[in-house]
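The values are calculated or read from the model by the stated rules, or taken from the named source; none is laboratory data. This one's a predicted model, so the numbers in the text were calculated from it and none came from an experiment. When we count neighbours, we look across all protein chains shown, and the Cβ atoms used for this are built from the backbone with ideal geometry, even at glycine. The protein model used for the area step is the full one, side chains on, heavy atoms only, and it has no ligands, DNA or RNA in it. Shrake-Rupley method; radii C 1.70, N 1.55, O 1.52, S 1.80 Å.
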Amino acid sequence: EVNALLKAWPKKIANKIKRSAARKASKVVQTEAKKNVPVDTGLLKKLIKVRKHPKLKRGQIGFHVTVSPSELMDKSNKRYPYYMAVEYGAIHMEGIAFMERSAEAVRPRVNRLFLEEVRKGIDAVSNQ
């Protein structure tokens with residue numbers, strides 16, 4: 001449906017509209033993940049970010065909600081997989097899967113928001 005709406009527009013404008021809509025939709029997942037994350041020190045909650053998906057080919061658009069690993073360091077400045085242990089579990093700890101549950105909980109709302117934002121973007125470009 002999105003591609004049909006954007007077919008009439010030049011690729012550069014269509015991609016700008018899709019990128020903006022995808023980022024706004026990803027923010028919904030980020031907000032839900034921040035509500036569901038277990039809080040001890042609050043660092044994990046603070047590090048939940050929306051990022052451009054790193055493995056996309058040129059011209060593709062996508063974002064993902066992730067935990068920024070650069071700030072998850074132990075005292076010796078080595079990265080440690082704290083987020084992975086909380087999400088998926090460890091030897092003596094069951095995973096909580098807060099990110100996965102958050103994404104599933106808001107999936108219909110995210111899809112609806114993405115489509116609404118694409119329509120808003122088309123209207124904004126049409127009115128210029």
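Residues of the chain: accessible area per residue at 1.4 Å, in Å²?
71
Determine the relative contact order of the chain: mean sequence separation of Cα pairs under 8 Å and six or more apart, normalised by residue count, in whole percent.
Dividing the mean separation by the residue count of the chain yields 31 percent.
Roughly speaking, to the nearest percent, how much of the chain's 1.4 Å accessible area is carbon and sulfur?
Here it works out to 52 percent.
Ranked highest first by average number of other Cβ atoms within 10 Å, how do 100-113, 82-95, 48-61 line up?
The peptides rank, most packed first, as 100-113, 82-95, 48-61.
Residue farthest toward the positive end of the dipole of the chain, with Cβ of Lys/Arg at +1 and Asp/Glu at -1: which of Q128, L44, G59?
Sorting the options by dipole projection puts first Q128.
State, to one decimal in nm, how far the label point of K7 lies from the label point of T31, with both points 7 Å from Cα in the Cβ direction.
About 3.3 nm, to one decimal.
Rounded to a whole number, what is D in µm²/s for the range 1-46 from Stokes-Einstein with the Kirkwood radius over alpha-carbon pairs (25 °C, 0.890 mPa s)?
Translational diffusion coefficient: 192 µm²/s.
What does the highest-first list of 2-13, 34-45, 17-28 look like by mean Cβ count within 10 Å?
17-28, 34-45, 2-13
How large is the convex hull of the C-alpha atoms of the range 79-128 per residue, in Å³?
Each residue corresponds to 73 Å³ of Cα convex hull volume.
Dividing the convex hull volume of the Cα atoms of the chain by its residue count, what figure in Å³ per residue is obtained?
138
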